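Worksheet: one structure, shown below.
Derivation of every value follows stated rules applied to the coordinates shown; laboratory data play no part. Values in this document were obtained by computation on a predicted structure and should not be read as measured data. In this analysis, Cβ positions are derived from the backbone assuming ideal geometry, glycine residues included, and neighbour counts consider all displayed protein chains.
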Amino acid sequence: MTVIGSTCPECAQSVAGEDAFCENCGAQLTPTAVAAPSETVAEATIAVVAAPCLECGGAVADDGFCSVCGKKAPSARDHWQESPAAWVGGVCDKGVVHSRNEDAMALAALADRSLAVLVVCDGVTSAPDSDRAAMAAARAACETLSSSSLPTSAGVASTVSHWSAAITRACLDANAAAVGVARSLGNRTEPPSCTFVAAVLDHDVVTVGWAGDSRAYWLPDDSAPVQLMLDHSLGTELIRGGMMPAEAEQNATFHTITRWLGADSVDSTPELASMQLEGAGWLLVCSDGLWNYASPAVALQSLVRDQMAVGHGTPVEVAEALVRWANEQGGHDNITAAVARYEPSLR
């Protein structure tokens, strides 16, 4: 049991009662103890909150199985959503095929629509416990970015310069968090590792930093969409060598990444890109569990337009629909979709 003022059972770092996951290593913390809103932490009455079985509503025993129907209870990591403001939201899902969710996301936003931070990390499946590295990295990066000062000078160039430096720091902090997870687990030939992508939307300027093949897209309502970055992967090298993208995506080495975060990373410095937005649209940050099924920006733009046409207009609704669609295509990987709705008229 996790209680207020206790430590994570995996890495011994302090955790708060409302935390579902350890901020340091990403370990799941359930059941969670919470304090009554009117009480201070020191005076709080500890109350255990245990989710019922999703199959029959019965009580889940300490071993993780339902005491009524015997089904194993899903982890809180299997599927969850975040929405720090009405115009920003994301969904993270384990998909259909994988037994656990190695994706992670962390989001932050201001209610006045002036700033949003979207971070997605995808754990490397071949390295054990990469789910923990991904969660720790995503949260560390989001904390660095959301606590950064705002640009002191107006203008696109100064905004891009400011957030490029902040994203670089955030990526280094994310790498340190992933390395910390590896150290907590002891020496391994395959330390846990993950990809990294972070996007900061400051008014009408988006700045992106990435290491690996998690992606960021700008999907405007009424103009051509843009993939804001290029994967660090052998697939990118194949395309640069002259192979058509559709052909390259069928190559067995396409998803072999050439940059990542973790104890065995040879380069944890992010590549950076930026764009000034014109007109309304969606900023999408996602893992390859989504874009595997719709790699071109125009394909993702079409999917989002379809969802808006049937009334799925909030960020969480759009993210849920994208994740659901990827699962319907087979769900062969973990899936994360984080979106921010940009509308100049609402600023």
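Exposure proxy check: 286, 121, 66 ranked by fewest other beta carbons within 10 Å? Mind dumping the intermediate values first?
Working: 286 30, 121 37, 66 19.
Ranking 286, 121, 66 by Cβ neighbours within 10 Å, fewest first, gives 66, 286, 121.
Based on every Cα atom in the stretch 79-346, Rg and the maximum pairwise Cα distance Dmax equal 17.2, 53 Å. Across the stretch 314-320, rounded Karplus estimates of 3J(HN,Hα) from the backbone phi angles (6.51 cos²θ - 1.76 cosθ + 1.60, θ = phi - 60°) give 7, x, 5, 4, 5, 4, 4 Hz, Gly and Pro being marked x. Sorted ascending by nearby beta carbons within 10 Å, beginning with the fewest, 237, 343 become 343, 237. Taking each residue as 0.36 nm, the span from residue 149 to residue 251 lengthens on full extension beyond its C-alpha to C-alpha distance by 32.4 nm.
In order along the stretch 156-168, the Karplus-derived 3J(HN,Hα) couplings, from 6.51 cos²θ - 1.76 cosθ + 1.60 at θ = phi - 60°, round to 5, 4, 5, 5, 5, 4, 4, 6, 5, 5, 5, 5, 4 Hz, and Gly and Pro are given as x.
Relative to one another, the C-alpha centroids of the stretch 211-241 and the stretch 270-295 are positioned 7 Å apart.
Rounded to the nearest 20 Debye, what is the dipole magnitude of the stretch 79-346 about its Cα centre when Lys and Arg each give +1 and Asp and Glu each give -1 at the C-beta? Walk me through the numbers before you get to the answer.
Numbers: 14 positive and 31 negative charges, 94 e Å.
So the magnitude is around 440 debye.
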